[in-house]
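Notes to accompany the following structure.
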């Protein structure tokens, strides 16, 4: 991952697609590089998105709908919807006098900031107009705000295996989910890329990791079975040779 070099044409494509509204994590996935690289390309080419129009009530409805979509996908089966219900309960509490008496739109914004999986929604909809505390949760990047935080991530340049990178990415994503913070350093670009995928879409990421692990386990089992079969074949051949040798000795004795 760290050795991939983008051509001039690829860099221009990245800048154009970024200006058109595509997410950096999506561009990183499409071009096979880390988000940090995408951010540097956009800054070097001065790729800036046009300022978003002030949010309207319709935008807030779209924002809330997107929130529901993401939260609803957090669980499956009988557990599905629990995260969304937890979010709604938090909105109701923030609207209540004992919770701060916020307006409905303000409560939606505040509650959404408290769920790490919803941070990406703020980069999709400009709802700062309805935010009663815009300075809270500084790690959240809003529409039109440069993604400067990626540049502050130090790459240690450690050569490590895929499993080591995956282990780091999962642990870092878990910490982000729990605290809302982001790492200030990473062992290598591959690990950072996996981390960004894990944070952007945890369900899809874990599903893909499960598929890779299952395939690896199946291949390992096949190799193990092949070794066992090979060892069994060798043992059977040794037995046959021993039996033939015994028969020959008996025949020699009979001749004698």
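From (1) assigned to a helix (DSSP H, G or I); (2) touching a helix residue (DSSP H, G or I) at 6+ places or on another chain (Cβ under 6 Å), pick out the condition that doesn't hold for residue 142. Single failed check for residue 142: (1).
Conditions (1) surrounded by 15 or more Cβ atoms within 10 Å (Cβ to Cβ); (2) within 29 Å of residue 13 (Cα to Cα), marked per residue:
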| position | (1), (2) |
| --- | --- |
| 73 | yes, no |
| 98 | no, no |
| 114 | no, no |
| 119 | yes, yes |
| 128 | yes, no |
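Within the bounds of the range 116-130, is there any residue that is over 28 Å from residue 21 (Cβ atoms) and not assigned by TED's automatic domain parsing to the domain that holds residue 46? No - not one qualifying residue is present in the range 116-130. Just one of (1) modelled with pLDDT of 75 or more; (2) exposed (fewer than 12 other Cβ atoms within 10 Å of the Cβ); (3) in the same structural domain as residue 34 (by TED's automatic domain parsing) fails for residue 196. It is (2).
The values are calculated or read from the model by the stated rules, or taken from the named source; none is laboratory data. Since the model is a prediction, treat every value here as computed from it, not as a measurement. Ideal geometry is used to build each Cβ from the backbone, glycine not excepted, and the neighbour counts take in all protein chains shown.
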